[in-house]
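All remarks here apply to the structure that follows.
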Amino acid sequence: MKEFDKSIINDFRHGIALALLALFAIFFFWSNLERLEYGLYDLGSRLRAKPASSAVSIIAIDDRSIANFGPWPWPRSYIAFMIDMLDAYGARVIGLDLIYAGKDMNHGLREVTNIIKTIENNPQYSRKNISTIILLSALKDAQQRLDNDAILANSLATSKKVLLPVLFDLDSQKKNDTLKSLPDYLAGNSLFPYPPDKSITTSAITAPIEPFAREASRLGHINIIPERDNVVRGERLFIRYQNRIFPSFALQAALAYLNMDLPDINFGKTIDVGTKKIPLINGNMHIAFKRDIPYYEFIDVINKKIPAESFRDKIVIIAPSTAALGELQETPVAYNVPSVKITANVIDNILSEDYVVRPDWAPALELAMIFCFGLYIALIIPRLTAFAGGITTLAIAAAWIGASLYLFAAYGYWIKAVYPAFVLLMSFIIIVSKRYEVAPKT
């Protein structure tokens, strides 16, 4: 009996030592295991993908629209016309995912303006005649028609529901000790950092020109930050610039739809928008990617091939969707994804409160499974043949990974299954190798 008890104690110590050794080995295989973990995460995302359920849709500036309207950039009056149309259709929020950081280079407008100045500066202009008056009136009318910036600014001012983007240079993360005074339209679309702030810090921003920024209902950043494997899995809801944090384009769109403002946000373990709680994982909102977000081509909307009801009371985002106008992204569920689809997914998640989350109990469960696998290696494996032990170990590992995938697909719970499974398999390999090493030779 004492020998039996001693054997159990030795096996227990041996198994725990092997589990600890396998844990130590994780540090040497960290990058490879991380890739496997993310591979499992991406599989769970594909299994979880379901149709979008919130009121968000996309109007795409795509290759077909460009082929019909002419090469990019289009006159800004085209975008103004689309805003006017969506406003008339009853869209609740209009997101324009285009940064107009400089004035329109309209050579026709410049020539007309020069002609007007030439006439008005002519000494004989003081002696106006009917011909001069008619000519100037026609030229000034043409000047108004050609001033695409004024046309777009007027549409923004009339609508009062258009969200515009800003873009941060994330390669410029050096600390800027000299704080500049921000324009009121930037300061008004930002907050002071909250205490546990984990926002990325940057020192460079690209914003729309002032006439547009002042007439926009809100401003939000459009930075998309992939993981180390260049796959986009989450959204940075805030980026820090100067001494303030700036919300994302998607968060601002959701706030506008809910008739809420930045001061209405409460910060804590989650970001609370009214009754909606946005969970964070290391400062990121992890996206539950959806299928079938309504997607319309710009040319079809302009030509009124899409019914007005498709946009009534919706968040509508006008954005490029071709590689020629912006970088395409990779997500867990698809390749070559236009950035606007990621933005639409974030909005959908916030409005439907559907996220990928890392439950508070996940680390405890993972450690508990490592401990249980250690006990299994210590107490069960020594009493099985190598074949039976191998089959049983593989079955347990498959069951554990399958359970984690089920939790991800059914509930959006991200459990890191690869690390406990690695400990289990590594410990089994070590103990079986040891058994054959010490076995008597015949």
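Nothing in this text is a laboratory measurement; each read-out follows from the coordinates by a stated rule. Values in this document were obtained by computation on a predicted structure and should not be read as measured data. Every residue, glycine as well, gets a Cβ built from its backbone with ideal geometry; the counts of neighbours run over all protein chains shown.
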Please say if segment 200-351 is rounded, prolate or oblate, where rounded means a/c under 1.5 for a ≥ b ≥ c the square roots of the C-alpha gyration tensor eigenvalues, and otherwise the choice is prolate for a/b larger than b/c and oblate otherwise?
rounded
Peptides 337-344, 360-367: what's the order by average Cβ count within 10 Å, highest mean first?
337-344, 360-367
Per the 1/(1 + (r/R0)^6) rule, R0 = 51 Å and r from the Cβ atoms of ARG312 and PHE371, FRET efficiency to 0.05 is 0.35
Could you pull out the trypsin sites (Lys or Arg not before Pro) across segment 302-334 that fall in loop regions by DSSP (anything but H, G, I, E, B) with no more than 16 other Cβ atoms inside 10 Å?
LYS304, LYS305, ARG312
Can you work out ³J(HN,Hα) from phi for every residue in segment 81-91, in order, using Karplus 6.51 cos²θ - 1.76 cosθ + 1.60 and θ = phi - 60°, giving whole Hz and x for Gly and Pro?
4, 5, 4, 4, 5, 5, 4, 5, 6, x, 4
Hey, which of these cross-link pairs are over 18 Å Cα-Cα: LYS161/LYS277; LYS160/LYS314; LYS269/LYS314?
LYS161/LYS277; LYS269/LYS314
What distance in nm separates the simple spin-label points at TRP361 and LEU258, each placed 7 Å from Cα in the Cβ direction?
2.6 nm
Which of the three applies to segment 301-431, rounded, prolate or oblate, going by the alpha-carbon gyration tensor with a ≥ b ≥ c and a/c under 1.5 meaning rounded?
prolate
Checking the a/c ratio against 1.5 first, then a/b against b/c, what shape does the Cα gyration tensor give for segment 51-93?
oblate
